[in-house]
Amino acid sequence: MTVRRPHALAALALAALAATLPVRARADAPERRREPPPAAELPPPGSERIEIDVVFPDWQYTGTFRLRSASGATLDEGVARDMGGFPAGGGVVERVLEGGRGTLRMRLTTARKGAALPVVGRWTVLDGTGAYASFAAKGTFTSCSSGKPGRSSMYEQWYMLGHAR
């Protein structure tokens, strides 16, 4: 037999009530835009799903990357170089990934203007060397900060999903 205490039941009732009430922003809080990420595209025939995780140290333009298959197996890893960061208000940037199998040059395009978090958009491979000489890939990305108070930028952690042939 389960014995419930009155204050535990009251806490559950308050939590259920709070979940149904509209959330109000504080008057001094900045407006947070909630925009969906770019719509997914159907993968090209014969392509495979890939994931690329890129991490930059606080306010740096050189970091690391790991390219993985859909099963989670690491396909390559190495140095990531951000070729200039995102311009104020959104835009396009190039990124270079230098791994053990070759080099990839990519274009990243933000999906919206402004500095809303998280930053979302699309990426595509422009060209490559070594094993990536004929590599074709594209997808979507999400970028966010590492969460370190007072030191983080919104471009430190990148999660890129896509398809490659």
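Structure data summary
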| quantity | calculated |
| --- | --- |
| Projected label distance in nm at Leu161 and Thr124, using a 7 Å step from Cα toward the beta-carbon | 2.1 |
| Under-5 Å amide H pairs with Gly121, H placed in peptide plane, nonlocal only | Ala111, Phe141 |
| Spacing of the two label points (7 Å from each Cα toward its C-beta) at Phe135 and Val92, in nm | 2.1 |
| Using a Förster distance of 22 Å, the FRET efficiency for Thr109-Ser71 (Cβ separation, nearest 0.05) | 0.20 |
| Long-range HN-HN contacts of Asp127 with modeled amide H, under 5 Å | Arg105 |
| Simple spin-label estimate for Arg101 and Met83 in nanometres, 7 Å along Cα-Cβ | 2.1 |
| Amide H within-cut-off set for Leu75, under 5 Å, with H built and near neighbours excluded | Leu67, Arg68, Ser69 |
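Taken together, the values in this text are just the output of simple stated rules run on the coordinates, not laboratory data. The structure presented is a predicted model; accordingly, all values stated were derived computationally and were not measured. For neighbour counting, all protein chains shown are included, and Cβ atoms are generated from backbone atoms with ideal geometry for every residue, glycine included.
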